[in-house]
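The values are calculated or read from the model by the stated rules, or taken from the named source; none is laboratory data. What you see is a predicted model, and the numbers here were worked out from it, not measured in a lab. Note that we place each Cβ from the backbone using ideal geometry, even for glycine, and neighbour counts take in every protein chain shown. What goes into the accessible areas is simple: the full protein's heavy atoms, side chains included, and nothing from ligands, DNA or RNA. Shrake-Rupley method; radii C 1.70, N 1.55, O 1.52, S 1.80 Å.
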Amino acid sequence: MNPGKVYLIGAGPGDPGLLTIKGRDCLARADVIIYDYLANPVLLGYARPEAERIYVGKSCGKHSLPQDEINQLLADKAAAGLNVARLKGGDPYVFGRGGEEASLLHQQNIPFEVVPGVTAGFAAAAYAGIPLTHRDITTSVALLTGHERPERKLSSLDWQKLATGLGTLIFYMGMTNLKLISEKLIEHGRAADTPVAVVQWATLPRQKTLTGRLDEIAEQVAKAKIEPPAVIIIGEVVRYREELRWYDNLPLFGRRFLITRPRAQAASFVALLQAQGAETICIPTIEIAPPDDWQPCDQALGQLGDYDGLILTSANAVDALFDRMSVLGLDLRALAGVKIIAVGPKTAKSIETRGLKPDLIPSDYRAEGVVDELLARGVSGKRYLYPHTAISRSLIPDCLNAAGALVDAPIIYRTLAPQDKQEMIRHLLESGELDAICFSSSSTFDNLHAMFGDELHQLQGETAFFSIGPLTSASIRKRGFEVALEPQSWTLDALVEAMVEYYPNP
Ligand code: SAH
């Protein structure tokens, strides 16, 4: 059997956007993904669902799989004909033992390629606002490890050269030895007031940056209890941070939000929040499931062309509709001549991604808006299809039928409360580190409330509840909770904008 190929892929420092396009493509093709502690697990989302995922992570000395066994695992999987993506934090060839893995593959005649990644030191500098070289200050930069094999105790570093011969120094794995490193540098001629930045969890919303003088930094780090992973950047260029910092100035930097919408629709919301620097944790409180009975839906879809209008009030309904049409062997032509009504811009966007343009989006993005605009246009004698979820209100069919229209309203999807999320959410609330929970529909709140009942009042603590619009707010208030924020217009973009305004500038 021909062996598969091993790709040693740099996952970048944490921010999933910093994976290379080549790395992403390799992940998407792989049969097996073998990944590390420092590779952001979000990246596994690029892998095929059926790809095998093996965690071989280690956190500071605690190896969950010894290095030689990792090496052999790579070789064995490839020898079995599988394509292997070996996903490593940062760059595989920078203190990542990628060299050892590649050597073993070479010895065993397993083909491999290396896909570089953004190494933590470079990324930390960029996100902390520190240009590693600068024409006015220094022309050289060195990457160093502060955690050598114990028997060598940093002795192999040429302190004389490091202290005076090189400009910017970046230490990886240097937190335990920080005191020793700074003493050695000063002893060999580096000025005691050289500025130093310690950047922990670089490029992630939990990034922390501490700056200080070389002779004081170890003490400051101990006081601030900054732990690995962190890089230490030493040199005059650190002074630029004051004017060039940007990441930790983003409006929602340092804030942590719980997103409760189903995973498939959370992505765009998460992207909007992360662009403002926020940390997002996604634990859906609703799951989408098919209807108990497809018959009413299928019957309506079988005569799509007979309807004057198709009313869609959520991205879920859009997805469910097109998925079901596809199952039934129908394509877009089945909708020729049917006017499409979208409740708001997000639903409209989902429709557009399916290759259709809505004919009507009411200015009031609610069922009421749909009804008002249709009534204004005249509905008497017209036939409408309103595929919806089991729990949606009957306002649309009631009002339109009353005005002489014929509305078919088959259930096209159901929302369920997931059973296994309770402990995770309890833990998050109890930690007190959640700034707010964002609710994008009544059911996201109702399901959360159902998990805890009135205990939610105690659990809530300082965590604020943000709501997408009046219906969701009403559900929250009905249970006696306060709505801290509701945007003027009821979209996720507006909610994020309102969140930015809600918090004072950091
Ligand atoms: N191959 C990796 C380095 C692995 S060694 C790379 O190129 O980045 C592990 C060390 O990398 C950690 O101890 C820490 O010093 C550094 N590191 C990795 N990710 C980091 C991050 N997000 N923020 C700060 N330091 C990080």
>> So if I check each of Ala300, Ala267, Ala278, which one is of a type in the set (Gly, Ala, Ser), surrounded by 15 or more Cβ atoms within 10 Å (Cβ to Cβ) and assigned by TED's automatic domain parsing to the domain that holds Phe466?
In response: Ala278
>> Can you tell me which of (1) at pLDDT 90 or above; (2) among the small types (Gly, Ala, Ser); (3) closer than 21 Å to Val343 by Cβ; (4) surrounded by 14 or more Cβ atoms within 10 Å (Cβ to Cβ) is the one Ser443 doesn't meet?
In response: (1)
> Only one of (1) in a strand (DSSP E or B); (2) in contact with a Phe, Trp or Tyr (Cβ under 8 Å, 6 or more places away or on another chain); (3) away from the ligand (no atom under 16 Å from the Cβ) is not met by Pro251, so which one is it?
Replying inline: (1)
> What number of residues within segment 199-226 are of a type in the set (D, E, K, R) and either within 10 Å of the ligand (Cβ to nearest atom) or open to solvent by less than 20 Å² (accessible area, probe 1.4 Å) (or both)?
Replying inline: 2
>> With the requirement that a residue be within 13 Å of the ligand (Cβ to nearest atom), β-branched (Val, Ile, Thr) and open to solvent by 70 Å² or more (accessible area, probe 1.4 Å), what does segment 153-182 give you?
In response: Thr176
> Taking strands (runs of 3 or more DSSP E) that do not extend beyond segment 113-228, which have at least 2 residues that are without any contact (Cβ under 8 Å) to a residue 24 or more places away in the chain and within 32 Å of the chain's Cα centre (by Cα)?
Replying inline: 208-213
>> Give all pairs with beta carbons closer than 9 Å in which a residue from segment 38-51 that is farther than 16 Å from Ala202 by Cα meets a residue that is in a loop (DSSP other than H, G, I, E, B) and more than 16 Å from the ligand (Cβ to nearest atom); count only pairs at least 6 apart in sequence or on separate chains.
In response: Leu44/Ala51; Ala47/Ala30; Arg48/Ala30; Arg48/Asp31; Glu50/Asp31; Ala51/Ala30; Ala51/Asp31
> Where in segment 268-344 are there strands (runs of 3 or more DSSP E), lying fully within it, with 1 or more residues that are at negative phi and charged (D, E, K, R)?
Replying inline: 279-282, 287-289, 339-342
> Does segment 21-35 contain any residue that is within 19 Å of Ala124 (Cα to Cα) and in contact with a strand residue (DSSP E or B) (Cβ under 6 Å, 6 or more places away or on another chain)?
Replying inline: no
> Hey, among the residues in segment 79-107 that are small (Gly, Ala, Ser), outside any loop (DSSP other than H, G, I, E, B) and open to solvent by 30 Å² or more (accessible area, probe 1.4 Å), which one's farthest from Tyr55 (Cα to Cα)?
Replying inline: Ser103
> When only residues in segment 1-20 that are under 22 Å from Pro111 (Cβ atoms) and not aliphatic (A, V, I, L, M) count, which is surrounded by the fewest Cβ atoms within 10 Å (Cβ to Cβ)?
Replying inline: Asn2
>> Against the conditions (1) at pLDDT 95 or above; (2) more than 27 Å from Thr164 (Cα to Cα), where does Pro205 fall short? Just the number, please.
In response: (1)
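One line per residue, one yes/no per condition, for (1) open to solvent by less than 40 Å² (accessible area, probe 1.4 Å); (2) within 21 Å of the chain's Cα centre (by Cα):
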| site | (1), (2) |
| --- | --- |
| Val407 | yes, no |
| Tyr413 | yes, no |
| Lys421 | yes, yes |
| His427 | no, yes |
| Cys438 | yes, yes |
| Ser467 | yes, yes |
| Ser489 | no, no |
| Ala494 | yes, yes |
> Do we have Ala11 as over 23 Å from Pro229 (Cα atoms) and among the hydrophobic types (A, V, I, L, M, F, W, C) here?
Replying inline: no
>> Being away from the ligand (no atom under 11 Å from the Cβ) and part of a strand (DSSP E or B): is that true of Ile54 here?
In response: yes
> Out of all the residues in segment 281-297, which are open to solvent by 60 Å² or more (accessible area, probe 1.4 Å), touching a Phe, Trp or Tyr at 6+ places or on another chain (Cβ under 9 Å) and polar (S, T, N, Q)?
Replying inline: none
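Could you please find all residues in segment 24-43 being in a helix (DSSP H, G or I), touching a helix residue (DSSP H, G or I) at 6+ places or on another chain (Cβ under 8 Å) and at pLDDT 95 or above?
Of everything in segment 24-43, those that are in a helix (DSSP H, G or I), touching a helix residue (DSSP H, G or I) at 6+ places or on another chain (Cβ under 8 Å) and at pLDDT 95 or above turn out to be Arg24, Leu27, Ala28.
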> Gly329 fails exactly one of the following numbered conditions: (1) surrounded by 13 or more Cβ atoms within 10 Å (Cβ to Cβ); (2) farther than 27 Å from Ser268 by Cα. What is the number of that condition?
Replying inline: (1)
